[in-house]
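The values are calculated or read from the model by the stated rules, or taken from the named source; none is laboratory data. Note that the structure is predicted; figures quoted are calculated from it, not measured. When we count neighbours, we look across all protein chains shown, and the Cβ atoms used for this are built from the backbone with ideal geometry, even at glycine. Heavy atoms of the whole protein, side chains included, go into the accessibility calculation; ligands, DNA and RNA do not. Shrake-Rupley method; radii C 1.70, N 1.55, O 1.52, S 1.80 Å.
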Amino acid sequence: GTAQIGVTGLAVMGRNLARNLARNGFTVAVHNRSAERTHSLVAEHGDEGTFVPSESLSDFVASLERPRAVIVMVKAGAPTDAVIDELVPLLEDGDIVVDCGNAHYDDTRRREEALRGHGLHFVGTGVSGGEEGALLGPSIMPGGSAESYQKLGPIFEKIAAQVDGTPCCRHIGPDGAGHFVKMVHNGIEYADMQLIAEAYDMLRTGLGAEPAEIAEIFTGWNSGDLESFLIEITADVLGHTDAATKRPFVDIVLDQAEQKGTGRWTVQSALDLGVPITGIAEATFARSLSGHADQRAAAARAFADVDAGAAPWATDDRETFIEDVRRALYASKIVAYAQGFDQIQAGSDEYDWNVDRGGLATIWRGGCIIRARFLDRIREAYDERPDLPSLMVAPYFAKGITDGVPSWRRVVGDAARYGIPAPAFASSLAYFDGLRRDRLPAALIQGLRDNFGAHTYRRVDRDGAFHTQWAGDRSESPA
Ligand code: 6PG
C-alpha cells in the first residue's frame, strides 16, 4: 500500500478530515460502507490531493503503508465496535486504529485493551471544531500509546489548527486520555453556552433590548477578556433575522435544547470522581429542564400570578448594567474552566494519564469550540505552577474574579429578585463563595450523620474519628 493514512466513515466529519489530510499533502485511503459517498468525495474533491478510494474494507486496508493508520469516523457506540471488529482481522502487528468520534472514554479504554491484545494500537482521539474545523484545522487530542503518536503526531500536527506557529495537537496520554479531555471540553462548552444564554436573557429582560442590539453588545465583548469563538457566533446568531417571518431568528427557534451525551457523561464522571463541576452540571440540567414542555406549561399556568404587581426588572444605568453582566459572565466563565481543569486533573490521577494541563490549554487555543483568548493565560498559569490548586487562584484569574465580584453579586441577586433563571451564574457564584469560605456548614452535616447513623466525625482540635452517644449520655468516644 502507498496511502499514509486512511479514513473509513465518510459522513461530513470523516469527509472533511480526509480532505484536510489530502490538502496537506498526505495520500489518503478512503472508504465508506456505501460506496457512493467514497465516489462522490473523489469526484467532488479529488483535485485537492491524493485519494485512494476503495469499495471494500480489505482493499482499503491493503492500500495503506505499514504501520497502517486507520481513522474510524463513525457514530459512537455500537457502530464503532462493528467497524473495529471488521478491521481487526485485516490488520497486522503494530497497525493503528484511530477513533476520532465522540466516544466515551470507558469504551476507549476497553477497546484499547482489546486491540493491545491483538498487537494493535487503538488511539481514542478527541477532535473539536465541528465540520469547518475538521476541514480547515481542528483541535486534536489523541490518547493511546506514545509509540502510536510517533506515526500520528507529524500527520495530526500538520492538519490541526495552528496558533502562533504551534499546532493545536499533542499527545494527551495513554488509552482513554484523549477522549476524556474531549468529553470535558464538551462539558465546558455546555457551561460556556449556558452562561452566554443566561447573559443574553438578562440583557434582554433587564434592558428590554432586541436581539440585534444584544448582538452588538456581544460583538463589543468579543474584543476584551471574553474574546472567544462562542461569543463571536453568539453575535452572529442573535443578529440573524428569520427569512420567512422577518422576526429575530432566536424568537422563532423552539426553546428546547438538545444534547448528544458528552455533557451528561462529563457530569456522570465528575460525580464518580467527586469533582464539583457545578457550572457544567447546571448547564446540562438547564437543557433537560428546557425539554420538559408539559411541566413547563403546567408550571407557567400554576404560577402565572406569582410576581403580579411586582416591578419589572428595569435598569436605569444601561452601561453599568451591561458591564455588570459582562464581568459576571467573565467570572462565571473562569469558574467553568477551573472546574473542567479540576476534573481533568482528577481523571488523570485516577487513570495515571499524567495529563499536562498547560499543554492541553495550548491546544485548545485554536480549532476547538471553546477556543478563547484567555486559554493563553490558562497555559501560563499551569506552566508557572503545574500543581495549581485551582485556576481561580492563579493571579491573573484571581484578579478577574475579584474585580467582578460586586457585579456578580448584583447580577445574580437581581436575577433572583426579578425571577430570571440564572442557574449557571448563580451556581458559579455559590461555588466561588463556598470554596473561599473559612468555615462551611458541612460541619453540621457531619453532626447530623453522626446523630442518625453513627457515621462519626473528625474534630478540628484532635486527630481521629469520633462518635457522640446522641441517644444516651452525650459522651464522646473515639470511633
Ligand atoms: C466540537 C463539539 C462537537 C459536539 C457538539 C454537539 O468540539 O466540535 O463539541 O463535538 O458534537 O458540540 O454536542 P451536543 O449535541 O451534545 O450539544
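Observations on the structure shown:
- Flag for Gly176 being more than 16 Å from the ligand (Cβ to nearest atom), under 24 Å from Ala361 (Cβ atoms), in contact with a helix residue (DSSP H, G or I) (Cβ under 6 Å, 6 or more places away or on another chain) and touching a residue at least 60 places away in the same chain (Cβ under 8 Å): yes
- Selection status of Ile155, under 18 Å from Leu21 (Cα atoms) and assigned to a helix (DSSP H, G or I): yes
- 1 or more residues closer than 30 Å to Ile401 by Cβ and of a type in the set (Ser, Thr, Tyr): qualifying helices (runs of 4 or more DSSP H) within the range 163-263: 177-207, 211-221, 229-238
- Which numbered condition His104 fails, given (1) over 24 Å from Val61 (Cα atoms); (2) surrounded by 24 or more Cβ atoms within 10 Å (Cβ to Cβ): (2)
- The range 195-236, residues that are surrounded by 20 or more Cβ atoms within 10 Å (Cβ to Cβ) and among the polar types (S, T, N, Q): Ser228, Thr234
- Cβ-Cβ contacts under 6 Å between residues 6 or more apart (or on different chains), taken from a first residue in the range 46-62 that is on the phi < 0 side of the Ramachandran plot to a second residue that is hydroxyl-bearing (Ser, Thr, Tyr) and modelled with pLDDT of 95 or more, are listed as Thr50/Thr27; Val52/Ser63; Pro53/Thr38; Ser54/Ser63; Phe60/Ser54.
- Residue check for Gly291: closer than 16 Å to Asn186 by Cα and in contact (Cβ under 8 Å) with a residue 12 or more places away in the chain: no
- Selected residue (criterion: nearest to the chain's Cα centre (by Cα)) from residues of the range 378-401 that are under 14 Å from Ser332 (Cβ atoms) and open to solvent by 10 Å² or more (accessible area, probe 1.4 Å): Met392
- Identity of the residue in the range 20-37, touching an Asp or Glu at 6+ places or on another chain (Cβ under 6 Å) and within 18 Å of Ser63 (Cα to Cα), that ends up most open to solvent (accessible area, probe 1.4 Å): Ala35
- Taking the conditions (1) in contact (Cβ under 8 Å) with a residue 12 or more places away in the chain; (2) in a helix (DSSP H, G or I); (3) among the acidic types (Asp, Glu) in turn, Asp272 satisfies each one other than (1).
- Counting only helices (runs of 4 or more DSSP H) that fall entirely inside the range 69-151 and contain at least 2 residues that are away from the ligand (no atom under 15 Å from the Cβ) and of a type in the set (Val, Ile, Thr), the qualifying elements are 78-87.
- Within the range 153-184, the residues that satisfy the criterion of being within 28 Å of Glu282 (Cβ to Cβ) and out of contact with any strand residue (DSSP E or B) (no Cβ under 6 Å at 6 or more places or on another chain) are Ala177, Phe180, Met183, Val184.
- Checking Val52 against (1) part of a helix (DSSP H, G or I); (2) open to solvent by 20 Å² or more (accessible area, probe 1.4 Å), the condition it does not meet: (1)
- Restricting the range 146-166 to residues that are open to solvent by less than 30 Å² (accessible area, probe 1.4 Å) and either at positive phi or of a type outside the set (A, V, I, L, M, F, W, C) (or both), the residue that is farthest from the chain's Cα centre (by Cα): Ser148
- Restricting Ala328, Ala346 to those that are in a helix (DSSP H, G or I) and either open to solvent by less than 10 Å² (accessible area, probe 1.4 Å) or closer than 23 Å to Ile233 by Cβ (or both) reduces the list to Ala328.
- Sole residue being part of a loop (DSSP other than H, G, I, E, B) and not hydroxyl-bearing (Ser, Thr, Tyr), chosen from Gly1, Gly14, Gly46, Gly6: Gly1
- Search result, residues across the range 237-269 that are surrounded by 15 or more Cβ atoms within 10 Å (Cβ to Cβ), within 16 Å of the ligand (Cβ to nearest atom) and either farther than 19 Å from Asn186 by Cβ or among the aliphatic types (A, V, I, L, M) (or both): Val237, Ala257, Val267
- Residues of the range 360-389 satisfying the condition of being assigned to a loop (DSSP other than H, G, I, E, B) and within 16 Å of the ligand (Cβ to nearest atom): Trp364, Arg365, Gly366, Gly367, Cys368, Ile369, Ile370, Arg371
- Any hit, the range 314-326, residues being within 30 Å of Glu132 (Cα to Cα) and touching a Pro at 6+ places or on another chain (Cβ under 9 Å): no
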